[in-house]
Amino acid sequence: QVRLAESGGGLVQPGGSLRLSCAASGIIFSIFDMGWYRQAPGKQRELVAGITRGYSTNYADSVKGRFTISRDNAKNTVTLQMNNLKPEDTAVYYCNARLRDVSDNWGQGTLVIVSS
């Protein structure tokens, strides 16, 4: 079965950095579009960053210039490098693997807390 395992969350001070990783199994990783979403308390889940199977990327306006998404098809992983973190980045971050309208898969999430 499909499994997306996120790691790398934690507590960080404002201005700090974290690197989230998502290891995928049970899918042909290279043909899936991958993304990172987040959900803050009391808010809807939102797209943070996405990377297509063709390596095109897109970012939420709130993270442009601070976050970078990348993928390694040889290792079946997608990574989100987060720099200059702000308290408003506090959320549970979810990995997503999507193949058009055929398959839509989610990880369990990893918690990021930005606080002094």
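The values are calculated or read from the model by the stated rules, or taken from the named source; none is laboratory data. Here the structure is a predicted model, which is why all the values come from computation and not from measurement. Backbone-built Cβ (ideal geometry, glycine too); neighbour counts: all protein chains shown. Just so you know, the surface numbers come from the protein's heavy atoms only, side chains and all, with ligands and any DNA or RNA stripped out. Shrake-Rupley method; radii C 1.70, N 1.55, O 1.52, S 1.80 Å.
For the stretch 1-84, chymotrypsin sites (Phe, Trp or Tyr not before Pro) meeting the loop criterion (DSSP other than H, G, I, E, B) and having at most 16 other Cβ atoms within 10 Å: Tyr55.
3J(HN,Hα) along the stretch 78-94: 10, 10, 10, 8, 10, 10, 6, 5, 10, x, 6, 7, 4, 4, 8, 9, 10 Hz, from the Karplus curve 6.51 cos²θ - 1.76 cosθ + 1.60 with θ = phi - 60°, whole Hz, x for Gly and Pro. Just so you know, the Rg over Rh for the chain is 0.95, from Cα atoms, with Rh as the Kirkwood radius.
By the rule of a C-alpha distance below 24 Å, with chain neighbours fewer than 8 residues away ignored, the lysines paired with Lys86 are Lys43, Lys64. Counting only protein heavy atoms and a 1.4 Å probe, the chain has 54 square angstrom of accessible area per residue. Taking the protein heavy atoms of the stretch 31-73 in the context of the full set of protein chains, the accessible area attributed to carbon and sulfur is 46 percent at 1.4 Å. For Ile27, the shell of other residues with beta-carbons less than 12 Å away shows a net charge of +1, using +1 for Lys and Arg and -1 for Asp and Glu.
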